[in-house]
Amino acid sequence: MKKELSFALNYALNKGFQIHPDAFKILEDLDVDKLEKIIKEIVREKSREKLFQIDQDDLETYLGIKEDSTIQSTVKILSEPTSKITSGEGVKGYNALFSSRFNKLKRIISDRPESKMLKSAAFVKTTKIEDDLYVCGLVSERNSERNVTKLLLEDPSGTFEGIIFDDELQKLADTLLIDQFVMVRVSSAKNSGYIIKDIILPDIPEQAKNKSETEAYAVFLSDLHIGSKYFMENEFSEFISWLSSPDPVARKIRFILIGGDMVDGVGIYPNQNKELVCQTIQEQLKKAEDLIDKIPKNMKVIIMPGNHDPGRRALPQPAIPKKYNSGLWERENVFMVGNPAVVSLNGVIVTMFHGQSIDDIVKTTPGLSYDRPTDVMRHLLRARHLSPIYGSQTPIAPEMEDVLVIENVPDIFHVGHVHRAQLDMYKGVLLLNSGSWQAQTPFQASVGMTPNPGIALMVNLKTFQVFHQNYSSNSDNVLQS
Ligand code: D5M
Ligand code: FE
Ligand code: ZN
């Protein structure tokens, strides 16, 4: 125990006071220089009232951090995959997965007027078509040669091949991801084959936001990488202490979302052990638990895994298993969810996804880059899918249901993974990449990836105003919008 703390405790005990354990916790976190003054004043005041116990309430009143109990903090987990994970086997599993993807997205696109003229691939092939009609399916091939783009779609009845001549449409076709769902308008070509005259993405409609009735704030974090040498422990601890400060925004925070890569994991990449300060998952999670324990208990913490956390690598990921750290599961204010998850915070809908698919998408799509993750997030919303590309670097498990389809449009889309905090807006949805709390790693430096770590993003769930706290000492390290 720090000597200032033991002085303060002895002072109160000698005056005949008892100290409640919750009050002790607050004292422990206080600035040591202020302890003596605080304890003497509280002892004087309470002696006058002849009440010889110091509890949490006394300290919070004294410190001006007494909570506004009218601010709601209702968390509802609307969907998360942990209990759904079955892992279908082999080809049968993947057939089920893709048919689930197709059916869900066809249902979504059926809201559009064009879908009245929607026909199956088999119908188009076997019927002489007079008027334009529509076909939908998952993109199985696209290629451009000599000013012509060829697109191959698959639906449950078979495949459809069409040709695009229009320049603008070719550009749109170039941004389509393999296995993404689209609807196309087609007509017969003069000799044989089909011309694609329009490409329609499922997309999202313009949103009217759900709002919290009270001014609760949510904090959006991800990519802490606890256990890594590069985890910015000092900056992160400073932020955690700020949560208990009398700052008016801090006093209204009711939710803290952690969007994956909470810990650095073990064996995630070759020779990772050389860059770890905690060599086991258990040690890393214990450290995470200790930090999370410093968060005031009236703040609900939602923890979702990323590719560095234990559980399984393939999407969808279950919540971090209890067997590695039961402490986090036992906390009243902690919710352990899988990746992806949809949660309601006082009625505001948040889709949380770690963001693994961004790596594959920036590699194959012209105009997208790691520097602007919210552009990729917009792409995902338009595709209504969190990880359209199958068979690249993002492993996807052969589940019976495709839970990566974005069925319900959120108010806030929370993604991490690429270590660049950024904000944007798309059709009324707040797009938020929560950056990281890990300094640039040698790997990131070698590929020219510049993270902007140490930025905490916060949203007022009543007004949707966004605030941020920047704990980086580097003046170039700023929030992007
Ligand atoms: O990933 C942080 C970012 O760095 C993410 O965009 C992937 C990229 N990254 C990290 N390690 C690799 C390797 N080995 N190859 C390719 N890209 C990589 P994180 O999930 O925090 O490691
Ligand atoms: Fe990460
Ligand atoms: Zn990651």
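The values are calculated or read from the model by the stated rules, or taken from the named source; none is laboratory data. Nothing here was measured: the structure is a model prediction, and the numbers come from that model. Because the Cβ atoms are built from the backbone with ideal geometry, glycine has one as well, and the counts that use them run over all protein chains shown. Remember, those area values only see protein heavy atoms, side chains included, never the ligands or the DNA or RNA. Shrake-Rupley method; radii C 1.70, N 1.55, O 1.52, S 1.80 Å.
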Just wondering, is there one or more residues in segment 331-353 that are in contact (Cβ under 8 Å) with a residue 12 or more places away in the chain, aromatic (Phe, Trp, Tyr) and within 16 Å of ligand 1 (Cβ to nearest atom)? yes
Considering only residues that are more than 16 Å from ligand 2 (Cβ to nearest atom) and among the small types (Gly, Ala, Ser), which ones fall in segment 250-270? 250
State yes or no: is residue 165 of a type in the set (Phe, Trp, Tyr) and either open to solvent by less than 90 Å² (accessible area, probe 1.4 Å) or in contact with a Cys (Cβ under 7 Å, 6 or more places away or on another chain) (or both)? no
Extreme residue, nearest to residue 97 (Cα to Cα), among residues of segment 203-235 that are touching a Phe, Trp or Tyr at 6+ places or on another chain (Cβ under 7 Å) and open to solvent by 10 Å² or more (accessible area, probe 1.4 Å): 209
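Restricting attention to segment 111-143, report how many residues are among the polar types (S, T, N, Q) and surrounded by 14 or more Cβ atoms within 10 Å (Cβ to Cβ).
First pass over segment 111-143, keeping only residues among the polar types (S, T, N, Q): 115, 120, 126-127, 140, 143.
This time we only want the ones that are surrounded by 14 or more Cβ atoms within 10 Å (Cβ to Cβ), so: 115, 120, 140.
Counting residues in segment 111-143 that are among the polar types (S, T, N, Q) and surrounded by 14 or more Cβ atoms within 10 Å (Cβ to Cβ) gives 3.
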Give the number of residues within segment 366-392 that are open to solvent by 10 Å² or more (accessible area, probe 1.4 Å), part of a loop (DSSP other than H, G, I, E, B) and within 15 Å of ligand 1 (Cβ to nearest atom). 7
Quick one: how many residues across segment 150-187 are β-branched (Val, Ile, Thr) and touching a Phe, Trp or Tyr at 6+ places or on another chain (Cβ under 8 Å)? 4
Would you be able to tell me the number of residues in segment 70-81 that are open to solvent by 50 Å² or more (accessible area, probe 1.4 Å) and modelled with pLDDT of 95 or more? 5
Scanning segment 433-468 residue by residue, those within 16 Å of ligand 3 (Cβ to nearest atom) and either in a helix (DSSP H, G or I) or open to solvent by less than 20 Å² (accessible area, probe 1.4 Å) (or both) turn out to be 433, 434, 435, 436, 437, 438, 441, 443, 444, 451, 452, 453
When you go through 65, 26, 85 one by one, which is the residue that is closer than 30 Å to residue 397 by Cα, in contact (Cβ under 8 Å) with a residue 60 or more places away in the chain, surrounded by 12 or more Cβ atoms within 10 Å (Cβ to Cβ) and not aromatic (Phe, Trp, Tyr)? 85
Can you confirm whether segment 256-268 contains a residue that is open to solvent by 10 Å² or more (accessible area, probe 1.4 Å) and over 20 Å from residue 306 (Cβ atoms)? no
Among 291, 221, the single one that is within 16 Å of ligand 1 (Cβ to nearest atom), within 22 Å of the chain's Cα centre (by Cα), modelled with pLDDT of 95 or more and hydrophobic (A, V, I, L, M, F, W, C) is 221
Any chance residue 220 is touching a residue at least 24 places away in the same chain (Cβ under 8 Å), under 21 Å from residue 341 (Cβ atoms), out of contact with any helix residue (DSSP H, G or I) (no Cβ under 8 Å at 6 or more places or on another chain) and away from ligand 2 (no atom under 16 Å from the Cβ): no
Subset of segment 296-326, residues under 30 Å from residue 66 (Cα atoms) and open to solvent by less than 10 Å² (accessible area, probe 1.4 Å), comes to 299, 301, 302, 303, 304
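Specify the residue that is modelled with the highest pLDDT; the eligible residues are those in segment 109-132 that are in a helix (DSSP H, G or I) and of a type in the set (Val, Ile, Thr).
Filtering segment 109-132 for residues that are in a helix (DSSP H, G or I) and of a type in the set (Val, Ile, Thr), the one modelled with the highest pLDDT comes out as 109.
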Filter segment 168-202 for residues that are of a type in the set (Gly, Ala, Ser) and open to solvent by less than 70 Å² (accessible area, probe 1.4 Å) and give the result. 173, 187, 188, 189, 193
